[in-house]
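Worksheet: the structure to be examined is printed underneath.
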Amino acid sequence: MTGIAIGEMRERVTLQSPQRTPDGAGGANITWTSGATVWA
């Protein structure tokens, strides 16, 4: 059988994506929005 043994996946990881909001001066403010939390 191939693949990863379940014992190797012991860390929780939260995937995040950047959200850009214009700051009114030609730039942007960036905040991070959490998505899925998975085992890695």
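Loop-resident trypsin sites (Lys or Arg not before Pro) (DSSP state other than H, G, I, E or B) in the chain with no more than 16 further Cβ atoms inside 10 Å of their Cβ: ARG10. Using C-alpha pairs below 8 Å separated by at least 6 residues, the relative contact order for the chain is 47 percent. So what is Rg over Rh here for the chain, counting just Cα atoms and using Kirkwood for Rh? Over the Cα atoms of the chain, Rg/Rh equals 1.34.
No lab work stands behind these numbers, since they all come straight from the coordinates. Note that the coordinates shown come from a computational prediction; the quantities given were computed from them, not determined experimentally. Cβ: placed from backbone, ideal geometry, glycine included. Neighbour counts: every protein chain shown.
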